[in-house]
């Protein structure tokens, strides 16, 4: 029994250490989620500046669909899926990938996937990934990743390998439900930018066509930055909820182990008392003297 009690006490010590790790991971996830969400306004402000420039440039050249590739393959689509890079996020990756599989897709669809944890989930759902990269681990890495995706994406667009680009990513949600949003990056919709009335038109050094193309690329880059930052915030929020659930399970396990330890200790004390009582009773019992018979 003593060996079993020592084993239970050793498990209690290990669970206490696990509780410290879970609490630390929860704190880190919460801090990263808050930091990511605090940077969203700055990204959107940058996108608004680019959008204003697009509206001014549209006055120089009127067009209906400036971003359509005439030589693009018919029904070709690129779907960008943002998943998690690290684990302990519950069903985060499953929700994002399932959204990609349930939506209607073009006949020719190429999938870009961000986040190594999502690759296995995508394979389980039968998605063939044409290009992948690690998801960011810190908010400071968002701009570099967005720039990398923009470069690869425009290689496909310039080669006429896509007529449509769709972005799928999770967004922070106060509830435990993982919310996935879908947005269209291409064809670029110039009509959404309201042209401002200015007394003096802007001075430009590029042709209107090239200027609008460059501004559209910058706007897509800003959209990717926002989506990656939102997905990173949602990923860490999911990790924080997973750690909260893990901490509750740890506390339940601790309560059971502590109860088991007390029971074993009580049994051990009871056994010692019984043993000591038995020894005392034996020692206190009167000894009988044997009388030898007298010789006749």
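Since every read-out is calculated from the coordinates, none of them should be taken as a lab result. Please read these numbers as outputs of a predicted model, since none were measured by experiment. Heads up, the Cβs are rebuilt from the backbone with ideal geometry, glycines too, and the neighbour counts pull from every protein chain shown.
What the table shows:
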item	result
Packing-based ranking, highest mean first, of 18-27, 108-117 given that Cβ atoms within 10 Å are counted	108-117, 18-27
Simple label model, 7 Å out from Cα along Cβ direction - residue 128 to residue 263, nm	5.7
Spin-label proximity, residue 103 to segment 150-167 - amide N less than 18 Å from point 7 Å beyond Cα toward beta carbon	150, 153-154, 157, 162-167
Exposure proxy order (Cβ contacts within 10 Å, fewest to most) of 186, 131	131, 186
Residue-span extension gain [residue 152 to residue 12] - 0.36 nm each, minus C-alpha spacing	45.3 nm
Gap separating the Cα centres of segment 1-35 and segment 206-261, nearest whole Å	24
Ascending count of other beta-carbon atoms within 10 Å, so fewest first, for 182, 260	182, 260
Using a Förster distance of 41 Å, the FRET efficiency for residue 40-residue 197 (Cβ separation, nearest 0.05)	0.85
Highest to lowest packing among 221-230, 119-128, scored as the average C-beta count within 10 Å	221-230, 119-128
Identified option (computed percent of Cα pairs over 27 Å apart; candidates (i) 58; (ii) 37; (iii) 53)	(i)
Fraction of the pair-distance distribution of segment 21-64 above 16 Å, Cα-Cα pairs, percent	60
Listed peptides 197-205, 53-61, 236-244 by packing density, highest first (mean Cβ within 10 Å)	236-244, 53-61, 197-205
Residues 231, 33, sorted so that the one with the fewest Cβ neighbours within 10 Å comes first	33, 231
